[in-house]
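Student: Take a look at the following structure, please.
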Amino acid sequence: MKIKLLVLFFLIVVFGKISAQLPQDVYKKPLKEVLVDLEKKYNIKLEYSENLVKGINVLYPTWRYRIDTETTLTNILMPLDMVFQKKSDNVYQIAKFEYYRKTFEEGKRHLDQLLASYPTVQDWEQRKKELRSCFLQQLRLSPLPKKTPLNPIYTQKRVMDGYTIENVAIETLPGVYLCGSLYRPSKGKGPFAAVLSPHGHFPSADLNEYGRYRPDQQYRCATLARMGAVVFSYEMFAWGESLLQVEKEVHKTGLALTMQTLNSIRVLDFLTSLPYVDPKRIGVTAASGGGTQSFLITALDDRIAVSVPVVMVSASFFGGCPCESGLPIHSCTNLGTNNAEIAAMASPRPMLVVSETSDWTQTVPTIEFPYLKKVYSLYGKPENIENVHIENEEHNYGITKRLAMYDFMARQLGLNINAIKDKAGKIDESKCTIEKYDAMLVFGKEGSLPANAVKGPDAIWEVLKSLQ
(Lines give C-alpha, C1' and ligand atoms only; values in the text may rest on other atoms or scores of the structure.)
Protein backbone atom coordinates (compact mmCIF):
# COMPACT_ATOMS: atom_id res chain seq x y z
CA MET A 1 0.00 0.00 0.00
CA LYS A 2 2.81 2.40 0.88
CA ILE A 3 4.53 1.73 -2.43
CA LYS A 4 1.32 2.47 -4.35
CA LEU A 5 0.88 5.72 -2.46
CA LEU A 6 4.46 6.77 -3.22
CA VAL A 7 4.02 6.02 -6.93
CA LEU A 8 0.76 7.94 -6.97
CA PHE A 9 2.40 10.90 -5.21
CA PHE A 10 5.28 10.86 -7.69
CA LEU A 11 2.91 10.84 -10.67
CA ILE A 12 0.91 13.71 -9.22
CA VAL A 13 4.09 15.79 -8.69
CA VAL A 14 5.44 15.09 -12.18
CA PHE A 15 2.09 15.65 -13.88
CA GLY A 16 1.62 18.81 -11.89
CA LYS A 17 4.96 20.16 -13.04
CA ILE A 18 4.22 19.31 -16.67
CA SER A 19 0.75 20.78 -16.57
CA ALA A 20 2.07 23.91 -14.85
CA GLN A 21 4.68 24.68 -17.53
CA LEU A 22 4.38 28.15 -19.03
CA PRO A 23 4.59 28.73 -22.81
CA GLN A 24 8.06 30.28 -22.50
CA ASP A 25 9.23 27.01 -20.95
CA VAL A 26 7.49 24.77 -23.46
CA TYR A 27 8.77 26.66 -26.50
CA LYS A 28 12.29 27.49 -25.29
CA LYS A 29 15.02 25.69 -27.25
CA PRO A 30 18.82 25.99 -27.50
CA LEU A 31 19.90 28.14 -30.44
CA LYS A 32 22.18 25.37 -31.68
CA GLU A 33 19.19 23.01 -31.90
CA VAL A 34 17.13 25.63 -33.73
CA LEU A 35 19.89 26.28 -36.28
CA VAL A 36 20.23 22.56 -37.02
CA ASP A 37 16.47 22.41 -37.55
CA LEU A 38 16.58 25.41 -39.91
CA GLU A 39 19.27 23.79 -42.02
CA LYS A 40 17.07 20.74 -42.53
CA LYS A 41 13.82 22.63 -42.99
CA TYR A 42 15.12 25.18 -45.55
CA ASN A 43 17.90 23.08 -47.08
CA ILE A 44 20.59 25.63 -46.23
CA LYS A 45 24.08 25.69 -44.71
CA LEU A 46 24.67 27.96 -41.70
CA GLU A 47 28.22 28.94 -40.75
CA TYR A 48 28.97 30.18 -37.22
CA SER A 49 31.37 29.63 -34.34
CA GLU A 50 30.30 27.27 -31.58
CA ASN A 51 31.21 29.90 -28.97
CA LEU A 52 28.72 32.29 -30.56
CA VAL A 53 25.73 29.99 -29.98
CA LYS A 54 26.84 28.21 -26.81
CA GLY A 55 24.42 28.68 -23.91
CA ILE A 56 21.98 30.79 -25.97
CA ASN A 57 18.28 29.93 -25.99
CA VAL A 58 15.49 30.97 -28.35
CA LEU A 59 11.95 31.65 -27.13
CA TYR A 60 9.08 30.53 -29.39
CA PRO A 61 11.40 29.52 -32.27
CA THR A 62 8.84 27.66 -34.39
CA TRP A 63 6.47 30.60 -34.09
CA ARG A 64 9.15 32.71 -35.76
CA TYR A 65 9.39 30.45 -38.80
CA ARG A 66 8.13 31.93 -42.05
CA ILE A 67 7.83 30.70 -45.63
CA ASP A 68 11.08 32.33 -46.80
CA THR A 69 14.48 31.60 -45.30
CA GLU A 70 15.79 35.10 -44.72
CA THR A 71 12.71 36.40 -42.91
CA THR A 72 12.95 33.37 -40.63
CA LEU A 73 16.64 33.98 -39.94
CA THR A 74 15.89 37.62 -39.14
CA ASN A 75 13.12 36.65 -36.73
CA ILE A 76 15.34 34.14 -34.94
CA LEU A 77 18.59 36.12 -34.80
CA MET A 78 17.70 39.78 -34.37
CA PRO A 79 16.32 39.44 -30.80
CA LEU A 80 19.64 37.78 -29.92
CA ASP A 81 21.69 40.69 -31.36
CA MET A 82 22.91 38.46 -34.17
CA VAL A 83 22.84 38.94 -37.92
CA PHE A 84 23.38 36.85 -41.03
CA GLN A 85 24.96 37.46 -44.37
CA LYS A 86 24.43 35.41 -47.51
CA LYS A 87 27.75 34.09 -48.76
CA SER A 88 26.48 32.05 -51.71
CA ASP A 89 23.45 30.07 -52.80
CA ASN A 90 21.95 28.49 -49.67
CA VAL A 91 24.97 29.39 -47.51
CA TYR A 92 24.62 31.97 -44.73
CA GLN A 93 27.14 33.21 -42.19
CA ILE A 94 25.95 34.15 -38.70
CA ALA A 95 27.77 36.72 -36.56
CA LYS A 96 27.23 39.10 -33.69
CA PHE A 97 25.44 42.34 -34.55
CA GLU A 98 27.93 45.16 -35.04
CA TYR A 99 26.41 48.63 -35.05
CA TYR A 100 29.21 49.94 -37.23
CA ARG A 101 28.73 47.45 -40.07
CA LYS A 102 26.12 46.90 -42.80
CA THR A 103 26.00 44.57 -45.76
CA PHE A 104 27.48 45.79 -49.02
CA GLU A 105 23.99 45.74 -50.53
CA GLU A 106 22.66 47.99 -47.75
CA GLY A 107 25.53 50.38 -48.30
CA LYS A 108 24.77 50.65 -52.00
CA ARG A 109 21.07 51.23 -51.40
CA HIS A 110 21.93 53.98 -48.95
CA LEU A 111 24.24 55.70 -51.43
CA ASP A 112 21.55 55.53 -54.12
CA GLN A 113 19.06 57.10 -51.73
CA LEU A 114 21.51 59.84 -50.74
CA LEU A 115 22.47 60.65 -54.32
CA ALA A 116 18.83 60.98 -55.32
CA SER A 117 18.37 63.64 -52.62
CA TYR A 118 20.84 66.10 -54.19
CA PRO A 119 20.29 66.22 -57.97
CA THR A 120 22.04 69.60 -58.29
CA VAL A 121 25.27 71.06 -56.95
CA GLN A 122 23.21 73.56 -54.95
CA ASP A 123 21.37 70.69 -53.24
CA TRP A 124 24.67 68.99 -52.48
CA GLU A 125 26.22 72.15 -51.06
CA GLN A 126 23.21 72.55 -48.77
CA ARG A 127 23.57 68.90 -47.75
CA LYS A 128 27.25 69.42 -46.90
CA LYS A 129 26.36 72.46 -44.81
CA GLU A 130 23.76 70.50 -42.84
CA LEU A 131 26.12 67.58 -42.29
CA ARG A 132 28.97 69.79 -41.11
CA SER A 133 26.73 71.50 -38.59
CA CYS A 134 25.39 68.17 -37.31
CA PHE A 135 28.86 66.58 -37.13
CA LEU A 136 30.17 69.40 -34.95
CA GLN A 137 27.15 69.14 -32.67
CA GLN A 138 27.48 65.38 -32.28
CA LEU A 139 31.21 65.74 -31.70
CA ARG A 140 30.45 68.27 -28.96
CA LEU A 141 32.50 70.85 -30.85
CA SER A 142 29.65 73.27 -31.49
CA PRO A 143 30.61 75.96 -31.00
CA LEU A 144 34.25 75.21 -31.65
CA PRO A 145 36.31 75.93 -28.55
CA LYS A 146 38.12 79.24 -28.46
CA LYS A 147 41.56 78.84 -29.99
CA THR A 148 44.34 79.26 -27.47
CA PRO A 149 48.13 79.52 -28.04
CA LEU A 150 49.63 76.29 -29.34
CA ASN A 151 52.91 76.86 -27.46
CA PRO A 152 54.90 74.31 -29.53
CA ILE A 153 57.65 72.44 -27.74
CA TYR A 154 60.47 71.36 -30.06
CA THR A 155 63.17 68.77 -29.46
CA GLN A 156 66.59 68.79 -31.09
CA LYS A 157 66.57 68.59 -34.88
CA ARG A 158 67.95 65.44 -36.55
CA VAL A 159 69.46 65.86 -40.02
CA MET A 160 68.78 63.00 -42.45
CA ASP A 161 69.33 62.45 -46.19
CA GLY A 162 67.24 65.19 -47.82
CA TYR A 163 65.10 65.99 -44.78
CA THR A 164 65.13 66.86 -41.09
CA ILE A 165 63.03 65.70 -38.14
CA GLU A 166 62.00 67.46 -34.94
CA ASN A 167 59.69 66.05 -32.32
CA VAL A 168 56.99 68.57 -31.45
CA ALA A 169 54.23 68.85 -28.87
CA ILE A 170 51.45 71.38 -29.41
CA GLU A 171 48.96 72.48 -26.76
CA THR A 172 45.66 71.81 -28.55
CA LEU A 173 43.78 72.81 -25.39
CA PRO A 174 45.35 74.47 -22.35
CA GLY A 175 47.26 71.70 -20.61
CA VAL A 176 46.39 69.07 -23.25
CA TYR A 177 49.32 68.07 -25.45
CA LEU A 178 49.42 66.43 -28.87
CA CYS A 179 52.77 64.89 -29.74
CA GLY A 180 54.25 64.17 -33.11
CA SER A 181 57.23 64.50 -35.40
CA LEU A 182 57.74 67.34 -37.89
CA TYR A 183 59.48 66.32 -41.12
CA ARG A 184 60.93 69.12 -43.29
CA PRO A 185 62.84 69.27 -46.59
CA SER A 186 66.49 69.93 -45.81
CA LYS A 187 66.86 72.24 -48.80
CA GLY A 188 64.94 75.34 -49.80
CA LYS A 189 63.16 78.05 -47.83
CA GLY A 190 59.65 77.40 -49.06
CA PRO A 191 56.87 78.10 -48.98
CA PHE A 192 56.43 74.32 -48.96
CA ALA A 193 53.30 72.24 -49.27
CA ALA A 194 52.32 70.50 -46.03
CA VAL A 195 50.75 67.11 -45.25
CA LEU A 196 48.91 65.99 -42.13
CA SER A 197 49.78 62.40 -41.25
CA PRO A 198 47.65 60.81 -38.53
CA HIS A 199 47.83 57.04 -38.05
CA GLY A 200 45.57 54.02 -37.82
CA HIS A 201 45.08 51.05 -35.52
CA PHE A 202 48.18 49.04 -36.30
CA PRO A 203 49.43 47.94 -32.87
CA SER A 204 52.48 45.81 -32.25
CA ALA A 205 54.25 44.26 -29.30
CA ASP A 206 57.31 46.18 -30.48
CA LEU A 207 56.95 49.85 -29.50
CA ASN A 208 59.14 50.77 -32.44
CA GLU A 209 56.32 49.56 -34.72
CA TYR A 210 53.42 51.08 -32.80
CA GLY A 211 51.18 53.89 -34.03
CA ARG A 212 53.11 56.75 -35.58
CA TYR A 213 56.39 54.99 -34.79
CA ARG A 214 55.74 52.26 -37.36
CA PRO A 215 58.22 51.97 -40.23
CA ASP A 216 55.49 52.44 -42.87
CA GLN A 217 54.49 55.76 -41.26
CA GLN A 218 58.11 56.90 -41.10
CA TYR A 219 58.69 55.90 -44.72
CA ARG A 220 55.79 57.91 -46.04
CA CYS A 221 56.55 61.00 -43.94
CA ALA A 222 60.25 61.01 -44.79
CA THR A 223 59.61 60.35 -48.47
CA LEU A 224 57.07 63.18 -48.72
CA ALA A 225 59.60 65.49 -47.03
CA ARG A 226 62.26 64.45 -49.53
CA MET A 227 59.74 65.34 -52.26
CA GLY A 228 59.43 68.86 -50.83
CA ALA A 229 56.60 68.76 -48.28
CA VAL A 230 56.46 69.61 -44.59
CA VAL A 231 54.82 66.65 -42.85
CA PHE A 232 53.45 66.40 -39.32
CA SER A 233 53.02 62.84 -38.04
CA TYR A 234 50.83 62.89 -34.93
CA GLU A 235 49.21 60.49 -32.52
CA MET A 236 45.71 59.25 -31.95
CA PHE A 237 44.17 60.19 -28.63
CA ALA A 238 45.06 57.80 -25.78
CA TRP A 239 47.90 56.31 -27.83
CA GLY A 240 51.62 56.97 -27.57
CA GLU A 241 52.61 59.92 -25.41
CA SER A 242 49.02 60.99 -24.78
CA LEU A 243 48.92 57.99 -22.41
CA LEU A 244 50.80 60.29 -20.06
CA GLN A 245 47.51 62.18 -19.68
CA VAL A 246 44.79 59.54 -20.07
CA GLU A 247 44.50 55.75 -19.71
CA LYS A 248 44.47 53.66 -22.89
CA GLU A 249 40.83 52.64 -22.26
CA VAL A 250 39.80 56.24 -22.99
CA HIS A 251 40.63 55.61 -26.64
CA LYS A 252 37.48 53.49 -26.81
CA THR A 253 35.18 56.37 -25.86
CA GLY A 254 33.47 59.25 -27.63
CA LEU A 255 36.05 61.62 -26.15
CA ALA A 256 38.65 60.07 -28.45
CA LEU A 257 36.57 60.92 -31.53
CA THR A 258 36.10 64.47 -30.26
CA MET A 259 39.75 65.01 -29.41
CA GLN A 260 41.14 63.42 -32.57
CA THR A 261 38.98 65.72 -34.68
CA LEU A 262 39.91 68.77 -32.63
CA ASN A 263 43.57 67.77 -32.74
CA SER A 264 43.52 67.63 -36.53
CA ILE A 265 41.99 71.12 -36.65
CA ARG A 266 44.76 72.35 -34.35
CA VAL A 267 47.42 70.63 -36.45
CA LEU A 268 46.10 72.65 -39.37
CA ASP A 269 46.40 75.78 -37.23
CA PHE A 270 49.97 74.82 -36.38
CA LEU A 271 51.09 74.04 -39.93
CA THR A 272 49.49 77.14 -41.45
CA SER A 273 51.20 79.28 -38.79
CA LEU A 274 54.65 78.19 -39.96
CA PRO A 275 56.20 80.88 -42.19
CA TYR A 276 57.70 78.28 -44.53
CA VAL A 277 54.35 76.52 -45.25
CA ASP A 278 52.06 77.43 -48.15
CA PRO A 279 48.55 77.50 -46.58
CA LYS A 280 46.94 76.84 -49.97
CA ARG A 281 48.77 73.53 -50.47
CA ILE A 282 47.76 71.35 -47.54
CA GLY A 283 47.14 67.61 -47.86
CA VAL A 284 46.19 64.77 -45.54
CA THR A 285 46.69 61.03 -45.77
CA ALA A 286 46.49 57.99 -43.49
CA ALA A 287 45.10 54.46 -43.42
CA SER A 288 42.37 52.60 -41.54
CA GLY A 289 41.41 54.62 -38.43
CA GLY A 290 43.77 57.29 -39.73
CA GLY A 291 41.79 57.21 -42.97
CA THR A 292 38.70 58.07 -40.94
CA GLN A 293 40.54 61.02 -39.44
CA SER A 294 41.64 62.04 -42.93
CA PHE A 295 38.23 62.24 -44.57
CA LEU A 296 36.55 63.67 -41.48
CA ILE A 297 38.93 66.63 -41.17
CA THR A 298 38.65 67.15 -44.94
CA ALA A 299 34.86 67.24 -44.65
CA LEU A 300 35.00 69.77 -41.80
CA ASP A 301 37.84 72.08 -42.82
CA ASP A 302 38.28 73.63 -46.27
CA ARG A 303 41.95 74.33 -45.58
CA ILE A 304 42.61 70.74 -46.67
CA ALA A 305 43.27 70.99 -50.41
CA VAL A 306 44.12 67.35 -51.18
CA SER A 307 43.01 64.16 -49.47
CA VAL A 308 44.19 60.55 -49.72
CA PRO A 309 42.21 58.28 -47.36
CA VAL A 310 43.54 54.72 -47.49
CA VAL A 311 41.56 51.47 -46.94
CA MET A 312 38.71 53.18 -45.11
CA VAL A 313 36.17 54.70 -47.52
CA SER A 314 33.13 52.44 -47.36
CA ALA A 315 29.36 52.81 -47.37
CA SER A 316 28.95 49.66 -45.29
CA PHE A 317 31.60 50.05 -42.57
CA PHE A 318 31.81 52.92 -40.11
CA GLY A 319 34.95 52.03 -38.15
CA GLY A 320 34.88 49.49 -35.36
CA CYS A 321 36.58 51.74 -32.82
CA PRO A 322 34.56 54.23 -30.73
CA CYS A 323 37.23 56.77 -31.73
CA GLU A 324 35.62 56.56 -35.20
CA SER A 325 31.96 55.74 -34.55
CA GLY A 326 31.51 56.26 -30.81
CA LEU A 327 29.43 59.42 -31.30
CA PRO A 328 26.37 59.43 -33.59
CA ILE A 329 27.72 61.44 -36.50
CA HIS A 330 26.45 58.75 -38.88
CA SER A 331 22.89 59.37 -37.65
CA CYS A 332 22.99 62.98 -38.80
CA THR A 333 19.82 64.14 -40.63
CA ASN A 334 16.78 62.02 -41.43
CA LEU A 335 18.69 60.22 -44.18
CA GLY A 336 21.68 59.34 -42.03
CA THR A 337 25.11 59.24 -43.62
CA ASN A 338 28.07 56.91 -44.12
CA ASN A 339 31.81 57.13 -44.63
CA ALA A 340 31.55 57.28 -48.42
CA GLU A 341 29.32 60.37 -48.22
CA ILE A 342 31.61 61.94 -45.61
CA ALA A 343 34.53 61.36 -47.97
CA ALA A 344 32.48 62.92 -50.79
CA MET A 345 32.35 66.16 -48.81
CA ALA A 346 35.90 66.76 -50.07
CA SER A 347 34.40 67.58 -53.47
CA PRO A 348 35.43 69.25 -55.67
CA ARG A 349 38.90 69.20 -54.04
CA PRO A 350 41.22 66.47 -55.42
CA MET A 351 40.95 63.14 -53.63
CA LEU A 352 42.50 59.72 -54.19
CA VAL A 353 40.69 56.79 -52.57
CA VAL A 354 42.96 53.78 -52.06
CA SER A 355 41.13 50.48 -51.59
CA GLU A 356 41.91 46.78 -51.59
CA THR A 357 40.30 43.38 -51.99
CA SER A 358 40.84 41.99 -48.47
CA ASP A 359 38.74 44.36 -46.36
CA TRP A 360 35.55 46.45 -46.32
CA THR A 361 36.87 48.62 -49.18
CA GLN A 362 36.67 45.69 -51.61
CA THR A 363 33.54 47.18 -53.22
CA VAL A 364 34.98 50.67 -53.85
CA PRO A 365 35.42 50.17 -57.64
CA THR A 366 31.81 48.97 -58.05
CA ILE A 367 29.88 50.87 -55.35
CA GLU A 368 31.66 53.76 -53.62
CA PHE A 369 33.79 55.12 -56.47
CA PRO A 370 30.91 55.36 -59.00
CA TYR A 371 28.96 57.27 -56.33
CA LEU A 372 31.91 59.62 -55.68
CA LYS A 373 32.34 60.18 -59.42
CA LYS A 374 28.70 61.28 -59.68
CA VAL A 375 29.10 63.72 -56.79
CA TYR A 376 32.23 65.24 -58.32
CA SER A 377 30.40 65.44 -61.64
CA LEU A 378 27.90 67.83 -60.04
CA TYR A 379 30.75 70.36 -60.15
CA GLY A 380 31.88 69.26 -63.60
CA LYS A 381 35.07 67.91 -61.97
CA PRO A 382 34.93 64.10 -62.28
CA GLU A 383 38.67 64.08 -62.99
CA ASN A 384 39.37 65.31 -59.43
CA ILE A 385 38.41 61.99 -57.88
CA GLU A 386 40.59 58.90 -58.43
CA ASN A 387 40.66 55.34 -57.15
CA VAL A 388 43.56 52.91 -56.95
CA HIS A 389 42.35 49.41 -56.09
CA ILE A 390 45.00 46.98 -54.80
CA GLU A 391 44.66 43.24 -55.31
CA ASN A 392 45.66 40.61 -52.77
CA GLU A 393 47.21 42.77 -50.07
CA GLU A 394 46.60 43.09 -46.35
CA HIS A 395 44.76 45.92 -44.60
CA ASN A 396 47.70 48.31 -44.25
CA TYR A 397 49.53 51.30 -45.73
CA GLY A 398 52.07 49.15 -47.56
CA ILE A 399 54.48 50.12 -50.30
CA THR A 400 52.01 49.61 -53.18
CA LYS A 401 49.57 52.01 -51.56
CA ARG A 402 52.31 54.51 -50.75
CA LEU A 403 53.47 54.54 -54.36
CA ALA A 404 49.98 55.52 -55.51
CA MET A 405 49.84 58.25 -52.88
CA TYR A 406 53.26 59.69 -53.79
CA ASP A 407 52.22 60.05 -57.42
CA PHE A 408 48.93 61.73 -56.55
CA MET A 409 50.43 64.11 -53.98
CA ALA A 410 53.18 65.07 -56.41
CA ARG A 411 50.65 65.96 -59.09
CA GLN A 412 48.22 67.77 -56.82
CA LEU A 413 50.59 69.58 -54.43
CA GLY A 414 53.38 70.31 -56.89
CA LEU A 415 55.96 68.04 -55.23
CA ASN A 416 59.14 66.78 -56.89
CA ILE A 417 58.66 63.03 -57.37
CA ASN A 418 61.97 62.79 -59.26
CA ALA A 419 63.74 63.52 -55.98
CA ILE A 420 62.81 60.04 -54.71
CA LYS A 421 63.56 58.05 -57.86
CA ASP A 422 66.62 55.90 -58.41
CA LYS A 423 68.71 55.78 -61.58
CA ALA A 424 66.24 53.32 -63.12
CA GLY A 425 63.40 55.77 -62.57
CA LYS A 426 61.77 53.75 -59.76
CA ILE A 427 60.67 55.26 -56.44
CA ASP A 428 63.26 54.46 -53.79
CA GLU A 429 62.53 54.72 -50.05
CA SER A 430 65.91 53.33 -49.00
CA LYS A 431 67.31 56.76 -48.12
CA CYS A 432 64.72 57.15 -45.35
CA THR A 433 66.00 56.52 -41.83
CA ILE A 434 63.76 54.39 -39.61
CA GLU A 435 64.19 55.74 -36.11
CA LYS A 436 63.80 53.94 -32.81
CA TYR A 437 60.75 54.60 -30.68
CA ASP A 438 62.52 56.60 -27.98
CA ALA A 439 64.18 58.90 -30.52
CA MET A 440 60.71 60.14 -31.58
CA LEU A 441 59.42 61.05 -28.11
CA VAL A 442 58.83 64.66 -27.12
CA PHE A 443 58.80 64.15 -23.35
CA GLY A 444 61.40 61.38 -23.23
CA LYS A 445 61.36 57.95 -21.66
CA GLU A 446 60.59 59.47 -18.28
CA GLY A 447 57.47 61.16 -19.62
CA SER A 448 58.19 64.53 -18.02
CA LEU A 449 55.08 66.58 -18.82
CA PRO A 450 54.84 70.36 -18.39
CA ALA A 451 53.56 71.48 -14.99
CA ASN A 452 50.21 72.61 -16.40
CA ALA A 453 49.37 69.21 -17.96
CA VAL A 454 45.75 68.14 -17.44
CA LYS A 455 45.15 64.50 -16.57
CA GLY A 456 42.06 62.34 -16.96
CA PRO A 457 39.08 62.48 -19.35
CA ASP A 458 36.82 64.45 -17.01
CA ALA A 459 39.39 67.20 -16.58
CA ILE A 460 39.94 67.40 -20.35
CA TRP A 461 36.18 67.69 -20.95
CA GLU A 462 36.02 70.53 -18.45
CA VAL A 463 38.82 72.41 -20.23
CA LEU A 464 37.09 71.97 -23.60
CA LYS A 465 33.69 73.12 -22.29
CA SER A 466 35.24 76.15 -20.60
CA LEU A 467 36.34 77.44 -24.01
CA GLN A 468 32.94 77.12 -25.73
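Student: Does the range 40-57 hold any residues that are exposed (fewer than 14 other Cβ atoms within 10 Å of the Cβ), in a helix (DSSP H, G or I) and not polar (S, T, N, Q), and which are they?
Tutor: Lys40, Lys41, Glu50
Student: Specify the residue that is surrounded by the most Cβ atoms within 10 Å (Cβ to Cβ); the eligible residues are those in the range 365-394 that are out of contact with any Pro (no Cβ under 7 Å at 6 or more places or on another chain) and under 16 Å from Thr285 (Cβ atoms). It would help to see each step written out before you state the result.
Tutor: Going through the range 365-394, the residues out of contact with any Pro (no Cβ under 7 Å at 6 or more places or on another chain) turn out to be 365-372, 374-375, 377-378, 380, 382-383, 385-386, 388, 390-394.
Imposing the further condition that a residue be under 16 Å from Thr285 (Cβ atoms) reduces the set to 385-386, 388, 390.
On the way: Ile385: 23, Glu386: 20, Val388: 20, Ile390: 19.
The qualifying residue surrounded by the most Cβ atoms within 10 Å (Cβ to Cβ) is Ile385.
Student: Of the numbered conditions (1) in contact with a Phe, Trp or Tyr (Cβ under 8 Å, 6 or more places away or on another chain); (2) surrounded by fewer than 20 Cβ atoms within 10 Å (Cβ to Cβ), Lys280 fails exactly one; give the number of that condition.
Tutor: Of everything listed in (1) in contact with a Phe, Trp or Tyr (Cβ under 8 Å, 6 or more places away or on another chain); (2) surrounded by fewer than 20 Cβ atoms within 10 Å (Cβ to Cβ), Lys280 misses just condition (1).
Student: Related question: May I ask you to list pairs of residues, at least six apart or on different chains, whose Cβ atoms are under 7 Å apart, with the first in the range 263-278 being touching a residue at least 12 places away in the same chain (Cβ under 8 Å) and the second being among the polar types (S, T, N, Q) and surrounded by 22 or more Cβ atoms within 10 Å (Cβ to Cβ)?
Tutor: Every condition considered, the pairs that remain are Asn263/Thr172; Ser264/Gln293; Arg266/Thr172.
Student: Would you mind finding the one in Val313, Val354, Val388 that is assigned by TED's automatic domain parsing to the domain that holds Thr258 and either more than 28 Å from Tyr234 (Cβ to Cβ) or assigned to a loop (DSSP other than H, G, I, E, B) (or both)? Break it down stepwise before answering.
Tutor: Values: Val354 fails: either more than 28 Å from Tyr234 (Cβ to Cβ) or assigned to a loop (DSSP other than H, G, I, E, B) (or both); Val388 fails: either more than 28 Å from Tyr234 (Cβ to Cβ) or assigned to a loop (DSSP other than H, G, I, E, B) (or both).
Among Val313, Val354, Val388, only Val313 is assigned by TED's automatic domain parsing to the domain that holds Thr258 and either more than 28 Å from Tyr234 (Cβ to Cβ) or assigned to a loop (DSSP other than H, G, I, E, B) (or both).
Student: Let me ask you something else. Only one of Gly190, Gly200, Gly162 is among the small types (Gly, Ala, Ser), crowded, with 17+ Cβ neighbours inside 10 Å and within 24 Å of Ser307 (Cα to Cα); which? Give the steps one after another, and end with the answer.
Tutor: Working: Gly190 fails: crowded, with 17+ Cβ neighbours inside 10 Å; Gly162 fails: within 24 Å of Ser307 (Cα to Cα).
Matching residue, one of Gly190, Gly200, Gly162: Gly200.
Student: (1) of a type in the set (D, E, K, R); (2) more than 21 Å from Thr363 (Cα to Cα); (3) crowded, with 16+ Cβ neighbours inside 10 Å: which one isn't true of Asp81, the others all being true?
Tutor: Going through the list (1) of a type in the set (D, E, K, R); (2) more than 21 Å from Thr363 (Cα to Cα); (3) crowded, with 16+ Cβ neighbours inside 10 Å, Asp81 breaks only (3).
Student: Of everything in the range 316-351 that's among the polar types (S, T, N, Q) and not in a loop (DSSP other than H, G, I, E, B), which residue is surrounded by the most Cβ atoms within 10 Å (Cβ to Cβ)?
Tutor: Start the filter on the range 316-351 by keeping residues that are among the polar types (S, T, N, Q), which leaves 316, 325, 331, 333-334, 337-339, 347.
In the following step, the residues that additionally are not in a loop (DSSP other than H, G, I, E, B) were identified as 325, 331, 339.
Details: Ser325: 21, Ser331: 12, Asn339: 28.
Among residues in the range 316-351 that are among the polar types (S, T, N, Q) and not in a loop (DSSP other than H, G, I, E, B), the one surrounded by the most Cβ atoms within 10 Å (Cβ to Cβ) is Asn339.
The values are calculated or read from the model by the stated rules, or taken from the named source; none is laboratory data. Since the model is a prediction, treat every value here as computed from it, not as a measurement. FYI the Cβ positions are ideal-geometry reconstructions off the backbone, even for glycines, and counts take in every protein chain you see.
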